Amino acid sequence: MCEKELQLPTLPSIFLCVLASMVIYFVALFLPFGEFSASGKHAFAVFCVAVFLWIINIFPLAITGIIVLFLLPASGVIFAQDVYSYFGNSATFFVLGAFILASPVMRSGLSKRLAITIISKFGKGSKRLCMSIFGLSSTMAFFISEHAVVAMLLPIVLEIVTAANVNKKSRFAFAAYMAMAWGAMIGGTATLLGGARAPLALGILQDNFATNAKMAHVSHIGFFEWSLWVIPIVLVMLCLASICVLIIAHKSGANIELARQKLIAHKKEIGRVTKREVLTLMVVLFTIFLWIFYGTAWGLDWISFLGVILAFILRITNWKEIERDVQWGIIIMYGSAIALSVALRNTGAAHEMVQVIIDLGISSPLLIIVSLIVLVAILTEVMSNAAAVAILLPVGLALSLEYGIDPRVITVGIATGAGLTFLLPVSTPAMALVLHSDHVKIHAVMAWGIWLKISSILVIIVAIIFYWPLLGAHLLIQ
């Protein structure tokens, strides 16, 4: 967790935030546009307040989620018992299970052993060392959340940079930190395990079309299917980001041998592989195998819980560790985002919001998709990527109904675009952690990140037009 998240807002800022939220609520309520129903108008007002709070980020995401859960029944949009029922969404429990399984991976020392072994073995020379960090970070983010990867690798990278005895303006230090951050953020979009946004998007998709028989065939995306769609995008972005890392690390002049000796010493300190590490690896690999081959038939959430039960039976984790390691606030954020999405749909507010877009003259499905990808790329730099998904996806799914666009295309496109963040620390803790280093300056991050950001938008659009139809995901519902 970064320092910014630990800082409490001042009382004046809280007061101004509450006052601004009240103003936004009532302005949205009496804004003269659209043909909203009474409940739809209140749902739209709650949505506007949520967007405001997610953007200014004065409260943690979980607290904003609680505010949404309070406002929905308080404004008469939806019954309280219905609001709480959305916490039973399968995507929420899948994330919970994945978070629990990630705990023994880190606690057992398995992840640290893999990191030090790989970096010390392949990191000969400044470029190779940076590429070892990059490859390790991106690969690990396939299986555990990106911010957990950065939090685990950060002390190792810090020791490497310190041992290399470089100054604050060192190109090698900057390359090493960015290799870690970019690798984790790009790799984290490859599967449903790399971050919060993908399971959240999947949950919103499922809840929006759960009762729509005509849309049943396009309301679900399996674990392997999601990765199959996204992997080419990830590979292209990894190639582009690796080129940036190599350019930055070129002729850095760092003393890499000192850094390698430090890593080798750490490797000896770790000692032999423990029984807990072996059992943890077996449970994780077994769970991933089931997710890939039986995720659709058995349910990703059910398999997650099976993995958790095995972890406790084999005694590779305990509840005290789980309590400290799991991000419980994400669960609240998920439930509130899904409840808000369903409220917008059921009250007709989402339809009216879409009608405003239609009145602007945007009628091309491809132009709509491109607009959504560009918009989420911008939003995810000024708020958390999960919040960007929660804001934009309900509108996108309403547009899919209006124009006959495959909702899976919109769901995966928005979730993937939200995950590829390269500019500001607000979007993800991974970037925030890196920017706390004296070796990383935000203007340098933005100078390199803007090219990766533009590239990511283009790569996603190309994949939607040319690659996804080969997998049966056409722009328009077939």
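The values are calculated or read from the model by the stated rules, or taken from the named source; none is laboratory data. Nothing here was measured: the structure is a model prediction, and the numbers come from that model. When we count neighbours, we look across all protein chains shown, and the Cβ atoms used for this are built from the backbone with ideal geometry, even at glycine. Protein only, heavy atoms only, side chains kept; ligands, DNA and RNA dropped before computing areas. Shrake-Rupley method; radii C 1.70, N 1.55, O 1.52, S 1.80 Å.
Among 300-311, 392-403, 321-332, sorting by the average number of other beta carbon atoms lying within 10 angstrom of each residue, highest first, gives 392-403, 300-311, 321-332. Take the Cβ atoms of K121 and L240, set R0 to 22 Å, and the FRET efficiency comes out at 0.30. Protein heavy-atom accessible surface, 1.4 Å probe, per residue over the chain: 42 Å².
Two numbers describe the Cα atoms of region 31-178: Rg and Dmax, which are 22.8, 66 Å.
Give, in nm to one decimal, the length gained when the segment between H436 and V273 is fully stretched (0.36 nm per residue of separation minus the Cα-Cα distance).
55.4 nm
From largest to smallest, the equivalent ellipsoid semi-axes obtained for region 194-246 from the alpha-carbon gyration tensor read 31, 11, 7 Å. Each peptide in 92-101, 452-461 gets a packing score, the mean of other Cβ atoms within 10 Å over its residues, and the list from highest to lowest is 92-101, 452-461.
At 7 Å along the Cα-to-beta-carbon direction for both F70 and L16, put a label point, then send me their distance in nm to one decimal. Taking the simple label geometry, F70 and L16 are separated by 2.1 nm. Protection proxy ranking, highest mean first, for peptides 339-347, 36-44, 174-182: 174-182, 339-347, 36-44, where packing is the per-residue count of other beta-carbon atoms within 10 Å, averaged. Solvent-free Debye calculation, one equal scatterer per alpha-carbon of the chain: log10 I(q)/I(0) at 0.14 Å⁻¹ equals -1.40.
Mean separation of Cα pairs under 8 Å and 6+ residues apart, divided by the residue count of region 138-289: what relative contact order is that in percent? Relative contact order for region 138-289 comes out at 32 percent. What the Cβ-Cβ distance of N346 and K214 gives, at R0 = 22 Å and to the nearest 0.05, is a FRET efficiency of 0.80.
Helical runs (DSSP H, four residues minimum) scored at -39500 (n - 2.57) apiece and divided by the length of the chain put the mean residue ellipticity at 222 nm at -24000 deg cm²/dmol.
So for region 352-478, averaging the separation of alpha carbon pairs under 8 Å that are six or more residues apart and normalising by length, what relative contact order in percent results?
Contact order relative to length: 29 percent.
Given the protein chains as shown and a 1.4 Å probe, how many square angstrom of R171 are accessible, to the nearest 10? For R171, solvent-accessible area is about 110 Å².
With an 8 Å cut-off on Cα pairs and a minimum separation of 6 or more residues, tell me the relative contact order of the chain in percent.
For the chain, the relative contact order is 23 percent.
Surface composition of region 316-475: carbon and sulfur make up 69 percent of the accessible area, probe 1.4 Å.
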